[in-house]
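The values are calculated or read from the model by the stated rules, or taken from the named source; none is laboratory data. Small disclaimer: the values here were computed from a predicted structure and weren't measured. Glycine also receives a Cβ, built like all others from the backbone with ideal geometry; neighbour counts cover every protein chain displayed.
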Ligand code: MRU
């Protein structure tokens, strides 16, 4: 059972995903700044996991506060939330978790709680966010598993597994695990996912741990394999879904969605409602992170491209809603028109 981020009395524990699959090393992060660096530098990654980590980071910052005045604690928390909010721009779960922790603080303050009570309340809420995330993935696994037919091969892009969430299930890999739990025979094709190789390093590692058959391919092989009829469904996660169902996910997802449509293959997106941003009307409004060009010019310390070459490194792309067969959430399966179906899920 993989749980990539945990709370402990010593600090926030993170499985260092930069080192997988070669090394399984846990880091103990003792300050909110260390947690923010862990998110920024991809020790922990994947939208729901980033949200959980940020909540723990805020709780840790509150726990380490040494003052005696609640207004000073508020100022400190505003600062901490500002630092967290600058780590990764696309994964909306980060901002969702920051907002929730802020609201929890405001409520406790309004109720006249003491500083030590507020600290305990914030720690508890961060743990609740974590537990709720795992429960959401369990439900996504159940609903998503039902959409998968027996004897299916599922193609996935990036890592939307336990490692990318609070743990245990995952979103896209949760659907795979759900289908397996329902007694279905499934195998997975994992895109390696250049440049950060979340597919090759993390999805492959996770599925091997669970004995789920997985075949690794390079990103540019998916069209060829789909054309041969070897893919029965595509299932991916998401970093932010707009109110109209446009889906931001790891760079290359859009390409896979276009190919899936061309070959008549269902394209499913699995994500908790904390990934749905009702404040973004369409995918046009989703900020797309651009990362260090060294991720493209180098693999670890090996240089691949000539010195000084101009490089683009967009970390995410947006798949338009018309290419999305369904969005699987903890409240059930949403289908087009998404503006209505997603809205309904928040109203239930
Ligand atoms: O840059 P990352 O590794 O944080 O990006 C994560 C993804 O894009 C995943 O594909 C995932 O689908 C979203 S998180 C479940």
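What to note about this one:
- In this structure, residue 237 qualifies as within 10 Å of the ligand (Cβ to nearest atom), in contact with a strand residue (DSSP E or B) (Cβ under 9 Å, 6 or more places away or on another chain) and assigned by TED's automatic domain parsing to the domain that holds residue 334.
- Within the stretch 53-163, helices (runs of 4 or more DSSP H) holding 3 or more residues that are at pLDDT below 95, crowded, with 18+ Cβ neighbours inside 10 Å and on the phi > 0 side of the Ramachandran plot: none
- Leading residue by the ranking (surrounded by the fewest Cβ atoms within 10 Å (Cβ to Cβ)) among those in the stretch 198-218 that are closer than 23 Å to residue 311 by Cβ and touching a residue at least 40 places away in the same chain (Cβ under 8 Å): 201
- Of 59, 54, 108, all but one fail to be outside the structural domain of residue 313 (by TED's automatic domain parsing), within 13 Å of the ligand (Cβ to nearest atom) and in contact with a helix residue (DSSP H, G or I) (Cβ under 9 Å, 6 or more places away or on another chain); the exception is 54.
- Just one of the listed residues (188, 175) is surrounded by fewer than 24 Cβ atoms within 10 Å (Cβ to Cβ) and in contact with a strand residue (DSSP E or B) (Cβ under 9 Å, 6 or more places away or on another chain), and it is 188.
- Reported count of residues in the stretch 20-42, each being closer than 18 Å to residue 158 by Cβ and either touching a helix residue (DSSP H, G or I) at 6+ places or on another chain (Cβ under 8 Å) or without any contact (Cβ under 8 Å) to a residue 12 or more places away in the chain (or both), is 3.
- Of all residues in the stretch 261-279 being within 16 Å of the ligand (Cβ to nearest atom) and assigned to a loop (DSSP other than H, G, I, E, B), the one that is surrounded by the most Cβ atoms within 10 Å (Cβ to Cβ): 271
- Residues (within 20 Å of the chain's Cα centre (by Cα) and either in a loop (DSSP other than H, G, I, E, B) or crowded, with 19+ Cβ neighbours inside 10 Å (or both)) located in the stretch 8-23: 12, 14, 15, 16, 17, 18, 19, 20, 21
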